[in-house]
Every structure is written in structure tokens, then in C-alpha cells.
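> Take a look at the following structure, please.
The values are calculated or read from the model by the stated rules, or taken from the named source; none is laboratory data. This is a predicted model, so every value here is computed, not measured. Cβ: placed from backbone, ideal geometry, glycine included. Neighbour counts: every protein chain shown.
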Amino acid sequence: MRKGLKEFKNKWGERKLEDNWRRSNKKSLSNFDDPKDPKVLDIVSESQIAQITDQDLEVIFAAVPYSQEAKKISHEKIAKALYNLGILYKEKVQNLPKSIESYETLITRFPSSSYEPEALFQLYSIHSEMNNASKAKSYLDLLLQKYPQSPYALAITDGEFASRRLKDQNKDAIAYDSAYTEFSNREYAKAYEIGTRLFSAMPKSHNLLPRVSLLNALCIGKLKGEAEYLTALKDLIAKYPNTDEQKRAREIMRLLGQRTSGSNTSVAGTTPASKFRLDPNDQHFVLAVIKDKDLSLNNAKAKISDFNSTYHQLANYQLSNMFLGKADDRISIVVIRRFSSKADAMKYYEGAINQKAVFMSDKPGAFELFAIGQNNYRVMVEQESVDLYRDFFLESYLNE
């Protein structure tokens with residue numbers, strides 16, 4: 001250590017312990033921590049600063065909403081995000097104070113959004129759950145004052161509202177099933193008539209609307225042609241974001257885009273006969289496509305396993321699972337194998353359809369079931385979609 005100190009003094013002499021001790025002109029250094037120091041401001045001269053053009057400004061501010069309509073759309077998106085955040089905190093994280101904070105921010109910032117009635121209802125429900133009677137009453141009074149005829153207000157004040165609403169929903173579900181049955185039987189005009197009548201009668205908040213809209217679009221494709229089919233699909237995509245029906249409509253449009261769209265002929269003429277081949281003697285699988293988000297893959301496999309044990313104890317069917325699609329719209333499928341022929345697979349299919357509750361679920365739209373030949377299965381996996389095969393199945397298996 002002494003040797004190092006001696007060498008330092010021989011080279012640098014006696015030096016005071018301070019910053020920048022090697023510099024002869026310490027005053028030339030600015031305080032870079034002080035943004036008001038003029039030397040900091042002058043580091044880059046004006047000639048070095050690139051000039052921002054009007055075109056640059058237009059690009060920078062292109063996404064900023066200026067018109068009243070654009071602002072309204074932007075506000076509605078933020079309100080929806082706050083509403084979904086409130087649901088997330090309440091149901092997934094179970095953090096009620098944070099859920100309250102999200103809903104209160106929503107009704108404070110966007111008092112006229114379409115999400116306000118339900119936000120007020122949620123605030124009433126949460127405060128009631130937390131035994132905050134005065135707070136719950138204040139939000140209930142506000143809900144009844146601003147939205148007395150909303151379903152959220154009626155659910156509280158009208159004792160028979162819930163039962164009437166459930167009855168109407170059951171009636172709508174039956175009507176939808178009727179329309180889908182007509183579509184499956186190739187009675188496209190009848191299906192479209194039922195579907196359009198049902199669509200017009202249902203409130204805009206009905207959870208069946210996206211499904212009815214998709215069925216109507218499929219009927220349009222069969223009856224009117226590709227141009228109107230695409231228009232109906234685009235309308236569905238715009239109206240029902242983040243739904244399974246929107247994802248399927250996008251997938252159908254992508255698949256249609258792979259084919260040459262020439263004349264305005266019916267889409268029924270572009271069915272996937274060129275992609276799939278019916279071979280009744282080919283080994284077959286049965287696919288159970290899970291549609292209900294509340295139904296887990298493991299629970300579905302357990303139900304099917306119990307069904308097989310009850311009704312097909314000697315068959316020794318094997319279960320496996322697969323996934324199709326991208327991460328955002330990936331669908332889960334239970335594969336039941338193997339069947340010696342189309343007839344063997346369809347016998348199983350019919351038994352499962354007749355025993356939906358035992359097989360998986362009797363909830364409308366909870367799952368779809370297909371029989372598929374081994375070769376067609378490979379084609380479907382390559383396409384990463386069941387949409388084209390669905391049409392093939394309806395035409396080649398259910399409408400003989």
C-alpha cells in the first residue's frame with residue numbers, strides 16, 4: 001500500500017481528495033443533475049435538432065380522438081376496461097375494495113356510459129355483501145333514479161322479474177335450437193326466418209345474440225351468396241368483440257379468402273368437398289369440441305370416461321385431448337378413438353347426443369360433437385380449424 005501511495009505522489013504530487021481531481025479546469029464541468037443549467041440545455045445546438053413537420057405531427061397524433069364521435073368511442077372503451085377490471089377484482093382476485101375503486105372510477109369519469117347501470121348494481125351488491133348498508137342504499141337509490149326500468153333495477157324491485165327473464169331466455173334458447181335444427185336439415189330458408197325473427201325480438205344485451213347472428217350469417221351464405229355472406233360476417237365481427245362467434249367469423253373469412261371469389265354464387269357451392277373425402281370404411285374418431293368456458297378439459301374427459309364406462313364398457317375406447325387455433329382463440333377438443341367405420345362412429349355419436357347431460361352437459365351450446373375419418377382428421381389438424389369440417393360433417397354425415 002505504501003509503495004502504491006509513493007508511486008502516486010511521484011506521478012501526481014499531493015492531491016486533495018475531491019471529484020474530477022485529474023482535470024485542470026474543473027469549472028468547465030456543468031452540473032448535469034440540474035436541468036436548469038444552461039450548459040445542459042446547450043449540449044445539443046438548435047442546428048442539430050431535427051425539424052418536425054406537419055406530416056410528422058399528423059402521424060404522432062393520428063390516434064388521438066378529436067371529434068365527439070371518436071371521443072365517445074374512446075370513452076366507451078375505457079369504461080368497458082374499468083368494468084372488466086371491477087369484475088376481475090371481484091370474482092377472480094376477490095379484492096372487493098379494489099373492485100369498488102374500479103366501479104366508482106367508472107361512474108365518476110363516464111356517468112352516461114352503457115356500463116353505468118351494471119356498475120351501480122355491482123356497487124350496491126358489493127356494499128351489501130360488506131354490510132355497508134348506507135353505501136349500498138345510496139347506490140341503489142341512484143340506480144333506481146337513473147335507470148328504473150333497467151334489468152338491474154328490476155332484478156331488485158320486481159320479485160317476479162327473475163323468473164320471467166329466465167322463462168324468456170329458455171324460450172329464446174328453444175327457438176335458437178329450432179333454427180339450428182332447420183339449418184342442420186338444410187332447411188336454410190326456415191332457419192333464416194326463425195333466426196331473423198328471434199334476433200329482432202331479443203334485447204341488445206341478450207347473451208344469445210352473437211350465436212343467433214352467426215347462424216343468420218351462415219344462412220345468408222347458403223341462400224344469398226358470398227358477397228352478402230362476407231358482409232354479414234363483418235357486421236358480426238364489429239358488433240360482438242371478444243366472443244367465440246367473432247373468432248369463428250374471422251376464421252371463416254380467412255378460409256374464404258383462400259378460395260377464389262369470382263361470381264356471386266352461393267357459398268353452398270364452395271363447400272369443402274375438395275378438402276375432405278368421405279370414406280365410410282375408414283377408421284373413425286369422435287371429436288367433442290368444448291364450447292362452454294366454464295367446462296374444463298379435465299372435467300369433460302372425466303364425464304366422457306364415465307359415459308363410456310356406463311354405455312360402452314366392453315369397447316375400450318381411448319381418450320386424448322388436442323388443441324386447435326392460436327393462443328387467443330385456442331379451442332379444446334376431446335378425441336374419442338377408435339371406431340371401425342363411419343357407421344360405428346355415428347352410433348356412438350347418436351347415443352351421446354341423446355344423453356347430453358350424461359355425456360358432458362345439457363347446457364345449450366356447451367359442446368359440439370363430430371364423427372371424423374382418420375384421413376379427414378389429418379386434414380383438419382393441418383387447417384387448425386374445425387369450421388370447414390363442420391360444414392362437411394353436416395352435409396356428409398347428418399344429411400344423407
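Residues checked against (1) modelled with pLDDT of 80 or more; (2) assigned by TED's automatic domain parsing to the domain that holds K77:
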| residue | (1), (2) |
| --- | --- |
| Y152 | no, yes |
| K171 | no, no |
| A175 | yes, no |
| S178 | yes, no |
| A189 | yes, no |
| A217 | yes, no |
| K247 | yes, no |
| R250 | yes, no |
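> Moving on to the next point. Cβ-Cβ below 7 Å, separation at least six or inter-chain, first residue in region 169-186 and among the aliphatic types (A, V, I, L, M), second modelled with pLDDT under 80: which pairs?
Final answer for the pair search is A173/P364.
> Just to be sure before I move on: is S332 among the hydroxyl-bearing types (S, T, Y) and within 21 Å of M380 (Cα to Cα) in the structure I sent? Steps first, answer last, please.
On the way: among the hydroxyl-bearing types (S, T, Y): yes; within 21 Å of M380 (Cα to Cα): yes.
Answer is yes for this residue.
> When you scan region 60-137 for helices (runs of 4 or more DSSP H) that lie fully inside it, which ones turn up with 2 or more residues that are within 25 Å of A155 (Cα to Cα), among the small types (G, A, S) and touching a residue at least 24 places away in the same chain (Cβ under 8 Å)?
Details: elements: 68-87, 96-109, 116-129.
Here the list reads 68-87.
> Any residue at all in region 355-374 that's loosely packed, with under 14 Cβ neighbours inside 10 Å, in a helix (DSSP H, G or I) and aliphatic (A, V, I, L, M)?
Yes, that holds for at least one residue.
> Now a separate question. Can you pull out the residues in region 56-115 that are modelled with pLDDT of 85 or more and of a type in the set (S, T, Y)?
Listed by number, the residues that qualify are Y83, Y89, S99, S102, Y103, T105, T108, Y115.
> Suppose we filter G221, G195 for residues that are in a helix (DSSP H, G or I), modelled with pLDDT of 75 or more and either farther than 26 Å from M380 by Cα or among the basic types (K, R) (or both); which single one remains?
Just a single option satisfies the conditions, and that option is G195.
> Continuing with this model, one more query. Just to be sure before I move on: is V44 assigned to a loop (DSSP other than H, G, I, E, B), on the phi < 0 side of the Ramachandran plot and modelled with pLDDT of 65 or more in the structure I sent?
Taking the combined requirement at face value, the residue does not satisfy it.
> With respect to G4, is the statement that it is modelled with pLDDT of 65 or more, exposed (fewer than 10 other Cβ atoms within 10 Å of the Cβ) and of a type outside the set (A, V, I, L, M) true?
yes
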